[in-house]
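Take a look at the structure below.
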């Protein structure tokens, strides 16, 4: 019934069309890698070199010691030295500084008298993520400084230099350098695969319908299943190539090493692609024009994959109805699996349930859209 | 000589290394139906696009309604109407809204628009359908409406670029009736076509091929001027064999197939009927009928293309 | 001059007949507002923690309580074997694991260093780094207290811990809600979506159907065609920005601190730029599909990511920061956040305004010239 001989010409035709249409080929192959380069660098939560303005009202060796301690790290850069109260407002509103450190008068004197001192830190909270991180650094560094003060105090009182009572060691797993690209690259793979498959599949089917060539194919002895396989296979292959390209770029530029099995990664990518293709076919059955298909395709691929998959926005922060929604989003599972393989070197035993769900989703969407397509064209 | 409406001097258009229109010169008199005949890609649309200001000419000049197309494009635009093969009305505006819009674009006053609307509706035969969207109209009506819209400002000259593409024969005929009426009222009509039967309606024709004008004149002139040999129409059962036999004979200049018939042009020094009879008899081919005919434009066109060394299909 | 009125009337008639118009003007922006407002939350106000307490002593409980009381580290589970930590972190159920070694209490009492290990899931780097900072601070605080208490117990009298305590005050967004950063930016996004793609499509559609050609053979001037095409989308843009602004203030309670008039005027300036971009896209595309692809992949996506909509520009590498100077959306984001969150006025925002003006003039001129050249 289904014959490879009849599928082959369709595959060839589809490849030729893609090759001729330079812009589409670009969108499918080059743009993903380009987006990775761009976004890999651009999508960054890593807060470093926060511009800090310092208003030192004390101007003593001790106060300088404190500020030097702050500026010694890569977290803060001194951007301005203020001399009066009202400058604070203008450096923050004018976005010259993101934080202002105010050291009170008598800072040195109070410390020398063994009195605790409050320093004031004003943080521009407009970007909550950055502000939270900056506040965290400040808390940590002030605490370190306080500890040092206590040790100095003990030393001054003739106790020598005691060891700290707690030997604290922090270890970071999965992404020890704490860089965003490692977290985002797996997400980008899913994001890019989803967009390119859904859009290209749906557009290529709708285009054939608009031009009437699909009728021409249907009157030929070809089986509809052969038509679909032939039409989608090229896009699956292109997307897999594009996946490899992304992994390569990720490795070269961002040091993203796949810790787990590559074979498993491609296998999971294939299942995910099937979900995308199914969605693409479904989009093509509900749209009559390319414009419509494009809009719908971006809506069903871009939005859930970008927003509801945990790609950049943590799912656990979402209100529960939206969290519930993410459970029917294959991208959520794929991202989870991909991060597992790439960052943690996890194997199938960790995410066999997620894999199973993606398979179910792929089967379901393909059957549903397949039935719709058959009704629509036959 | 009547007043000149369009005059082209050595008009040339190159796209990169490709020369679409090559040194074309002609003139069109006022009130004339002037046809530009040629195959697809021969350069006729490019010529019309230069004359209407849609394209800049690479070299050469032309005046339309007395104004230079390159130096006074605004003056030209006021005086011409244009309608292309593509149906160029807004599909999402009703018939009346389209008329109003195009009238307004040409700067007609509201009163004038009302007056021209009545004319346009009547001309297009769309009485009572003013509120329909063009997509709901049959093809022929759309074409007539498009023409009427291009004529709202009563231009001196109207350019029609393959106006009847995709229209059924009856509507095509009615469309040409309309063109004739316009010409009678004094409008110059410049029309491109690749339908040879339509070319017969023109007062004067230019045959264009590969960007060059290869012949010009009234249909009658073309037929008599370029084809001096007698043309015989031959009816036989075995058309292809007959054609091969006839074209091999040195006394015969050209043989071409017209449906189930053959058109054979014989050198004037021989007796046409005898030649055909003898050739077919020599090859044992049946001959049902052979009679001399007045050559059609298609004969002329094929003959001219043959001379150009081209063996392409005329239409 | 009357020709332009006819063009405008035509554009609005067409707009009214467009079946997608309601969806584009109203549903799109509202849906985005709701999604971004409710679903996207980057606040790091808690870092879920698991505790592996191998000691179960008074001291270890005291230590754990410090984490619990900080408010940053909700404890999601207690485990008894170090091996169990792995599963929690891999499944993403916790972001930090604290392991307290055996003998912790005894060593503290004896004044010997007691081991505590923290394992942080680094994959979500922002949450991780905040978690690390606060954990460090808590441990150091505990250390200091234990140390001084130890000396006190050994009869040296109570030494009061001296500390430098930061009193952190957050301006403009005191609750540190990421929403307050993202939603004003959404105004810019919505404007861009409403104008760039729609403008490009509307023009390319006329090219495809041949009516553009028909328009050009008429005496209408190019600028009249352009203005006619751009006017409806300007109005859509204004409606959308009012809609989004109402949503942001009424639904999400983010007040506009600065002047609404400045905001309106600068939004109009921004619309001019995006219309110019739409016009430009139309001159490089001959089919609607091309126009959509170009607008999507070469304009919208890069602008989304590189202008600081969600990911702040200041976190990006220098080179990309330089690239972002070429994107008008960057300036508009700074303007709108300045006005809405910080109450900034023109005295502060003039460099951004100047950049937008230059951009608007540049892109509009460039596109108009290209548009004219393409047609002639």
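The values are calculated or read from the model by the stated rules, or taken from the named source; none is laboratory data. Owing to the predicted nature of the structure, the values given are computational and were not obtained by experimental measurement. With ideal geometry, Cβ positions are generated from the backbone for all residues, glycine too; neighbour counts draw on all protein chains shown.
Please indicate, with yes or no, whether at least one residue in segment C:284-304 is under 30 Å from residue C:174 (Cα atoms), in a helix (DSSP H, G or I), assigned by TED's automatic domain parsing to the domain that holds residue C:32 and touching a residue at least 12 places away in the same chain (Cβ under 8 Å). Checking segment C:284-304: at least one residue is under 30 Å from residue C:174 (Cα atoms), in a helix (DSSP H, G or I), assigned by TED's automatic domain parsing to the domain that holds residue C:32 and touching a residue at least 12 places away in the same chain (Cβ under 8 Å). Selection of helices (runs of 4 or more DSSP H) fully inside segment B:182-293 by the criterion of at least 1 residues being farther than 30 Å from residue B:162 by Cα returns B:239-248, B:272-282. Picking from residues in segment A:82-110 that are at the interface with another protein chain (Cβ under 10 Å from one of its Cβ atoms) and assigned to a helix (DSSP H, G or I), the one that is surrounded by the fewest Cβ atoms within 10 Å (Cβ to Cβ) is A:89. Here residue A:349 passes the criteria (1) assigned to a helix (DSSP H, G or I); (2) at pLDDT below 85; (3) in contact with a helix residue (DSSP H, G or I) (Cβ under 9 Å, 6 or more places away or on another chain) except the one numbered (3). The residue that is modelled with the highest pLDDT, among those in segment C:151-179 that are within 7 Å of chain A (Cβ to nearest Cβ) and in a helix (DSSP H, G or I), is C:178.
Consider segment C:311-335. How many of its residues are crowded, with 18+ Cβ neighbours inside 10 Å and either outside the structural domain of residue C:187 (by TED's automatic domain parsing) or outside any helix (DSSP H, G or I) (or both)? Total meeting the criteria: 4.
Looking at segment A:127-138, which of its residues are part of a helix (DSSP H, G or I) and at the interface with chain C (Cβ under 7 Å from one of its Cβ atoms)? Result: A:128, A:129, A:130, A:131, A:132, A:133, A:135, A:136, A:137, A:138.
Each residue in segment B:175-208 was checked for being crowded, with 21+ Cβ neighbours inside 10 Å and over 25 Å from residue B:123 (Cα atoms), and 4 of them qualify. In the set (1) within 7 Å of another protein chain (Cβ to nearest Cβ); (2) surrounded by fewer than 19 Cβ atoms within 10 Å (Cβ to Cβ); (3) more than 30 Å from residue A:256 (Cα to Cα); (4) modelled with pLDDT of 80 or more, the condition left unmet by residue C:80 is number (1). State all residues of segment C:115-137 that are under 12 Å from residue C:47 (Cβ atoms) and touching a strand residue (DSSP E or B) at 6+ places or on another chain (Cβ under 7 Å); if no residue qualifies, say none. Passing the criteria: C:118, C:120, C:121, C:128, C:131, C:132, C:135. Taken as a whole, the structure leaves residue B:115 outside the set of residues that are at pLDDT 90 or above, outside any loop (DSSP other than H, G, I, E, B) and more than 20 Å from residue B:185 (Cα to Cα). Within segment C:11-62, the set of residues being within 30 Å of residue C:238 (Cα to Cα) and part of a loop (DSSP other than H, G, I, E, B) comprises C:18, C:19, C:20, C:40, C:41, C:42.
Residue under question is residue C:112, and the condition is that it be at pLDDT below 85 and not in a strand (DSSP E or B); does it hold? Here the answer is yes, as residue C:112 does meet what is asked. Of the residues B:100, B:129, which is assigned by TED's automatic domain parsing to the domain that holds residue B:47 and in a loop (DSSP other than H, G, I, E, B)? Criteria check complete, one pass: B:129. Within segment A:279-305, being over 24 Å from the mean Cα position of the chain (by Cα) and at pLDDT 85 or above holds for A:281, A:282, A:283, A:284, A:285, A:286.
Has segment A:139-148 got at least one residue that is more than 9 Å from every other protein chain (Cβ to nearest Cβ) and either in a strand (DSSP E or B) or over 16 Å from residue A:55 (Cβ atoms) (or both)? Scanning segment A:139-148 turns up at least one residue that is more than 9 Å from every other protein chain (Cβ to nearest Cβ) and either in a strand (DSSP E or B) or over 16 Å from residue A:55 (Cβ atoms) (or both).
Restricting attention to segment C:342-373, the residues that are in contact (Cβ under 8 Å) with a residue 12 or more places away in the chain, out of contact with any strand residue (DSSP E or B) (no Cβ under 9 Å at 6 or more places or on another chain) and within 11 Å of another protein chain (Cβ to nearest Cβ) total 5. Looking at this structure, is residue C:195 at pLDDT 85 or above and either crowded, with 24+ Cβ neighbours inside 10 Å or more than 14 Å from chain B (Cβ to nearest Cβ) (or both)? In short, yes.
Each residue in segment C:63-95 was checked for being part of a helix (DSSP H, G or I) and without any contact (Cβ under 8 Å) to a residue 12 or more places away in the chain, and 7 pass. Yes or no: residue B:173 under 25 Å from residue C:19 (Cβ atoms) and either touching a residue at least 40 places away in the same chain (Cβ under 8 Å) or in the same structural domain as residue B:27 (by TED's automatic domain parsing) (or both)? The answer is no for residue B:173.
Taken over segment C:115-131, the criterion of being free of Cβ contacts under 8 Å to residues at least 24 places away in the same chain, within 22 Å of residue C:54 (Cα to Cα) and in contact with a helix residue (DSSP H, G or I) (Cβ under 8 Å, 6 or more places away or on another chain) is satisfied by C:115, C:118.
Take the conditions (1) more than 14 Å from every other protein chain (Cβ to nearest Cβ); (2) over 23 Å from the mean Cα position of the chain (by Cα); (3) within 22 Å of residue C:213 (Cα to Cα); residue B:130 misses just one of them, which is (3).
Residues that are buried (at least 19 other Cβ atoms within 10 Å of the Cβ), farther than 26 Å from residue C:46 by Cβ and more than 14 Å from every other protein chain (Cβ to nearest Cβ) do not occur anywhere in segment A:291-312. Screening residue C:318 against (1) touching a helix residue (DSSP H, G or I) at 6+ places or on another chain (Cβ under 8 Å); (2) farther than 17 Å from residue A:89 by Cα leaves a single unmet condition, (1).
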